[in-house]
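The values are calculated or read from the model by the stated rules, or taken from the named source; none is laboratory data. All of these numbers come straight from a predicted model, not from anything done at the bench. Here the Cβ is made from the backbone with ideal geometry for all residues, glycine too, and neighbour counts use every protein chain on show.
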Amino acid sequence: MIRLLKTEEMDGLLSAIEREGHFLYYSYLTSRRPHTIHAGQFTADGELLGVMAYCRGLPFHAFSVYPIHTGFQAKRVQRFLQECLALPTGAVGSCMVNTEVKDLLVRQLETDSLPIPIMLMKHQPLTNLPPVDAQVVRLEQESYQRIKSRLTEWNMMAFSKEELHNPFYGIWAENELVALGGYHIYSKEYVELGNIGTDADWRNRGYGRKISAQLTRSGYAISDQVYLNVVEHNASAIRLYRSLGFETICRQHILQFKL
């Protein structure tokens, strides 16, 4: 049987899930829960075999998958969600999962590209960050439209509408916003840094490092758990984050599949 999960069932999953092993689905149970719909597959005896969830408000079809027991059939749950949400046939869904779950989904879903390895990194609290840099400023609400337009120009619109209201930091030069970064998650429980972008004409000046450092520092103002995700092939970004005190704690994979 496949049906939507009840609130108390999601609360039960939250009490048992390991955040760093199922980082995306954990956010669907916490910060992103108001914008998600969760479907579970159950045995005839009512045992939950696994869950697939969908997050509204992103510019792509954002799923998350949490298998619990063998026998979980991700494709069946995907079809159920697709029907519930009236998602178009032939569209592309995306999810981010750990290696074990990736291996299961590759066998079950109609993937249309190779999985993209992505590293979950966590900041080590005793690491000294660079001094505060006066070039980096918190962007005020009146800069909201400029932030949106810059994110679009730089192909960084992985932020949901709600995430655009989290703090953003940037660097201005010649009255133009030339670099900026924000948060995907900004809560007392944990913080996840989001995309950081720099205008092509202003790269190789250390702006990304300065903004990353400030986002990390400001993250600690609300939580002592500070994370980020970075694709594995981006060696320069990984070196930068390690120089700021981040360490890899989980290898994940972005998986795309046909609906």
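Residues that are more than 28 Å from H253 (Cβ to Cβ), surrounded by fewer than 15 Cβ atoms within 10 Å (Cβ to Cβ), touching a residue at least 24 places away in the same chain (Cβ under 8 Å) and in contact with a helix residue (DSSP H, G or I) (Cβ under 6 Å, 6 or more places away or on another chain) occur at least once in the range 128-137.
Of all residues in the range 97-123, those being under 24 Å from Y227 (Cα atoms), of a type in the set (A, V, I, L, M) and touching a Lys or Arg at 6+ places or on another chain (Cβ under 9 Å) number 4. Apart from one condition, Y26 fits all of (1) surrounded by fewer than 22 Cβ atoms within 10 Å (Cβ to Cβ); (2) free of Cβ contacts under 8 Å to residues at least 24 places away in the same chain; the exception is (1). Among the residues making up the range 152-171, those that are closer than 19 Å to R56 by Cα, free of Cβ contacts under 8 Å to residues at least 60 places away in the same chain and either in contact with a helix residue (DSSP H, G or I) (Cβ under 7 Å, 6 or more places away or on another chain) or part of a helix (DSSP H, G or I) (or both) are T152, F159, E163, L164, H165. So, V136, is that one out of contact with any Cys (no Cβ under 6 Å at 6 or more places or on another chain), more than 29 Å from L29 (Cβ to Cβ) and modelled with pLDDT of 90 or more or not? So V136 fits the description; yes.
The lone criterion from (1) buried (at least 22 other Cβ atoms within 10 Å of the Cβ); (2) among the hydroxyl-bearing types (S, T, Y); (3) part of a helix (DSSP H, G or I) left unmet by Y183 is number (3). Put simply, of R239, R205 the only residue that is without any contact (Cβ under 8 Å) to a residue 12 or more places away in the chain and part of a loop (DSSP other than H, G, I, E, B) is R205.
Within the range 151-164, identify whether any single residue is basic (K, R) and touching a strand residue (DSSP E or B) at 6+ places or on another chain (Cβ under 9 Å), and answer yes or no.
Taking the range 151-164 as the starting set, the residues that turn out to be basic (K, R) are 161.
With the extra rule that they be touching a strand residue (DSSP E or B) at 6+ places or on another chain (Cβ under 9 Å), the set shrinks to none.
No, the conditions are met nowhere in the range 151-164.
Take Q41 and tell me if it is surrounded by 13 or more Cβ atoms within 10 Å (Cβ to Cβ), out of contact with any helix residue (DSSP H, G or I) (no Cβ under 7 Å at 6 or more places or on another chain), in contact (Cβ under 8 Å) with a residue 24 or more places away in the chain and more than 27 Å from Y227 (Cβ to Cβ). No, not satisfied. Taking the criterion of being in a strand (DSSP E or B), crowded, with 17+ Cβ neighbours inside 10 Å and not polar (S, T, N, Q), the residues of the range 208-236 that qualify are V226, Y227, L228, V230.
Inside the range 69-86, residues that are under 21 Å from the mean Cα position of the chain (by Cα) and in a loop (DSSP other than H, G, I, E, B) make up a count of 0.
Among the listed residues E176, E192, E247, identify the single one that is touching a Gly at 6+ places or on another chain (Cβ under 9 Å) and not polar (S, T, N, Q).
That would be E192, the only listed residue that is touching a Gly at 6+ places or on another chain (Cβ under 9 Å) and not polar (S, T, N, Q).
Going through the range 57-68 one residue at a time, which ones are touching a strand residue (DSSP E or B) at 6+ places or on another chain (Cβ under 7 Å) and part of a loop (DSSP other than H, G, I, E, B)?
Hits for the range 57-68 are F60, I68.
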